[in-house]
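Data first, discussion second: the structure below is written as structure tokens.
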Amino acid sequence: YLIGDSHAGHYGAVMTHLAGKKEFNFIMHPSGKGLKLQRPNKDKEEYVLAPLRKYKNNFKKGDVIIFSAYIDKYQYENDWITQYETFIQQTKNIEMKFILISPTPNFSGLKSAETCQEEWYRPSWMISPLCFSQINKSEWFASNTLPISKIKKFLLANPEVSYLDVFSILCPDPYCQNQDQYEFMFKDSTHLSSYGAMKTTNTIETFIRSK
């Protein structure tokens, strides 16, 4: 089960690829799509709790729950950590496994990657400088001290949750870029492209198999 906001939707291409091996069955509900939300568009907590209501009677021992969300979801007082804890508490007797995927880098003022690709009608000299960006990794972590500390505290309090650090996969160097030498890894300022998401495939598959 892949649960979260649109940043859980990052990994749709990965899950589709793994499901194609016919070894895994996946259910995905990024941003609550396909679920009955009690307060649609007003209560983002529903993105975590609605799947709990829908599938609680279907969960079984050994199922894997994967949480993923944008870094801002951990910023505020009523953050998603509380919802994760509720989910874990209400399913603790089922003996499921949990994975929390790390937040991913985010950039400022980027144009959509769809308008940045070189085409016959869009030669390279016409592509906007706003298509390309990089961030300082250390500065990013410094500016997100609060949500990162909340995540660390949550992991310490819930050792049954494994932490999948995709940030380091996407940004192994001191500076994170929205593209590599082949393709755009991000389709906009915050969301991974399918190409970027697929870079995490081996790690995600290893985590799932280890569960």
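The values are calculated or read from the model by the stated rules, or taken from the named source; none is laboratory data. What you are looking at is a predicted structure, and each value in this text was computed from that prediction instead of being measured. All Cβ positions, glycine included, derive from the backbone under ideal geometry; neighbour counts span all protein chains shown. Keep in mind that these areas ignore ligands, DNA and RNA; they rest on the heavy atoms of the full protein, side chains included. Shrake-Rupley method; radii C 1.70, N 1.55, O 1.52, S 1.80 Å.
Based on this model, can you work out whether Ser189 counts as polar (S, T, N, Q) and either modelled with pLDDT under 95 or over 30 Å from Glu23 (Cα atoms) (or both)?
Numbers: polar (S, T, N, Q): yes; either modelled with pLDDT under 95 or over 30 Å from Glu23 (Cα atoms) (or both): yes.
So Ser189 passes the test.
Of the conditions (1) open to solvent by less than 20 Å² (accessible area, probe 1.4 Å); (2) free of Cβ contacts under 8 Å to residues at least 60 places away in the same chain; (3) closer than 30 Å to Val48 by Cβ, Cys131 fails just one. Which one is it?
It fails just one condition, (3).
Quick check on this structure: which one of Phe207, Phe154, Phe184 is of a type in the set (Phe, Trp, Tyr), touching a strand residue (DSSP E or B) at 6+ places or on another chain (Cβ under 9 Å) and open to solvent by less than 50 Å² (accessible area, probe 1.4 Å)?
Details: Phe207 fails: open to solvent by less than 50 Å² (accessible area, probe 1.4 Å); Phe184 fails: touching a strand residue (DSSP E or B) at 6+ places or on another chain (Cβ under 9 Å).
Sole residue among the options that is of a type in the set (Phe, Trp, Tyr), touching a strand residue (DSSP E or B) at 6+ places or on another chain (Cβ under 9 Å) and open to solvent by less than 50 Å² (accessible area, probe 1.4 Å): Phe154.
Quick test of your reading of the structure: Val14 fulfils all but one of (1) modelled with pLDDT under 90; (2) open to solvent by less than 20 Å² (accessible area, probe 1.4 Å). Name the failing condition by number.
Only one criterion in (1) modelled with pLDDT under 90; (2) open to solvent by less than 20 Å² (accessible area, probe 1.4 Å) is unmet by Val14, namely (1).
Can you tell me which residue in segment 74-91 is least open to solvent (accessible area, probe 1.4 Å), limited to those that are more than 15 Å from the chain's Cα centre (by Cα) and of a type in the set (Ser, Thr, Tyr)?
So the first thing to find is which residues in segment 74-91 are more than 15 Å from the chain's Cα centre (by Cα), and the list is 75-79, 82-83, 85-91.
Narrowing the set further to residues that are of a type in the set (Ser, Thr, Tyr) leaves 76, 82, 86, 91.
Numbers: Tyr76: 142, Thr82: 61, Thr86: 43, Thr91: 3 Å².
This residue is Thr91.
Anything in segment 101-128 that is crowded, with 16+ Cβ neighbours inside 10 Å, in contact with a Leu (Cβ under 7 Å, 6 or more places away or on another chain) and closer than 25 Å to Gln75 by Cβ? List them, or say none.
Residues of segment 101-128 that are crowded, with 16+ Cβ neighbours inside 10 Å, as a first pass: 101-107, 110-111, 113, 116, 127.
Next cut, in contact with a Leu (Cβ under 7 Å, 6 or more places away or on another chain) only: 101-102, 104-105, 110-111.
Those that are crowded, with 16+ Cβ neighbours inside 10 Å, in contact with a Leu (Cβ under 7 Å, 6 or more places away or on another chain) and closer than 25 Å to Gln75 by Cβ: Ile101, Ser102, Thr104, Pro105, Leu110.
Is there a residue in segment 120-143 that is in a helix (DSSP H, G or I), at pLDDT 95 or above and touching a strand residue (DSSP E or B) at 6+ places or on another chain (Cβ under 8 Å)?
Among the residues of segment 120-143, at least one is in a helix (DSSP H, G or I), at pLDDT 95 or above and touching a strand residue (DSSP E or B) at 6+ places or on another chain (Cβ under 8 Å), which makes the answer yes.
Considering each residue of segment 134-151, count those that are open to solvent by 60 Å² or more (accessible area, probe 1.4 Å) and either in contact (Cβ under 8 Å) with a residue 60 or more places away in the chain or more than 21 Å from Glu85 (Cα to Cα) (or both), and give that number. Spell out the reasoning first.
First, pick out the residues of segment 134-151 that are open to solvent by 60 Å² or more (accessible area, probe 1.4 Å): 134, 138-139, 141-143, 145-146.
Narrowing the set further to residues that are either in contact (Cβ under 8 Å) with a residue 60 or more places away in the chain or more than 21 Å from Glu85 (Cα to Cα) (or both) leaves 134, 138-139, 141-143, 146.
Residues flagged as open to solvent by 60 Å² or more (accessible area, probe 1.4 Å) and either in contact (Cβ under 8 Å) with a residue 60 or more places away in the chain or more than 21 Å from Glu85 (Cα to Cα) (or both) within segment 134-151 amount to 7.
Does Ile94 satisfy the criteria of being exposed (fewer than 14 other Cβ atoms within 10 Å of the Cβ) and at pLDDT 90 or above?
On the way: exposed (fewer than 14 other Cβ atoms within 10 Å of the Cβ): yes; at pLDDT 90 or above: yes.
Spelling it out, Ile94 is indeed exposed (fewer than 14 other Cβ atoms within 10 Å of the Cβ) and at pLDDT 90 or above.
Conditions (1) part of a helix (DSSP H, G or I); (2) among the hydroxyl-bearing types (Ser, Thr, Tyr); (3) touching a residue at least 24 places away in the same chain (Cβ under 8 Å); (4) in contact with a helix residue (DSSP H, G or I) (Cβ under 9 Å, 6 or more places away or on another chain), marked per residue:
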residue: Phe67; (1), (2), (3), (4): no, no, yes, yes
residue: Asp72; (1), (2), (3), (4): yes, no, yes, yes
residue: Gln83; (1), (2), (3), (4): yes, no, yes, yes
residue: Thr86; (1), (2), (3), (4): yes, yes, yes, yes
residue: Gln89; (1), (2), (3), (4): yes, no, no, no
residue: Phe98; (1), (2), (3), (4): no, no, yes, yes
residue: Thr104; (1), (2), (3), (4): no, yes, yes, yes
residue: Phe107; (1), (2), (3), (4): no, no, yes, no
residue: Glu114; (1), (2), (3), (4): yes, no, yes, no
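Out of Lys33, Lys44, Lys21, which single residue is in a loop (DSSP other than H, G, I, E, B), modelled with pLDDT under 90, surrounded by 15 or more Cβ atoms within 10 Å (Cβ to Cβ) and not polar (S, T, N, Q)?
Values: Lys33 fails: surrounded by 15 or more Cβ atoms within 10 Å (Cβ to Cβ); Lys21 fails: surrounded by 15 or more Cβ atoms within 10 Å (Cβ to Cβ).
Lys44 is the lone residue from the list that is in a loop (DSSP other than H, G, I, E, B), modelled with pLDDT under 90, surrounded by 15 or more Cβ atoms within 10 Å (Cβ to Cβ) and not polar (S, T, N, Q).
Exactly one of these conditions fails for Lys187: (1) more than 22 Å from Pro30 (Cβ to Cβ); (2) within 17 Å of the chain's Cα centre (by Cα). Give me its number.
(1)
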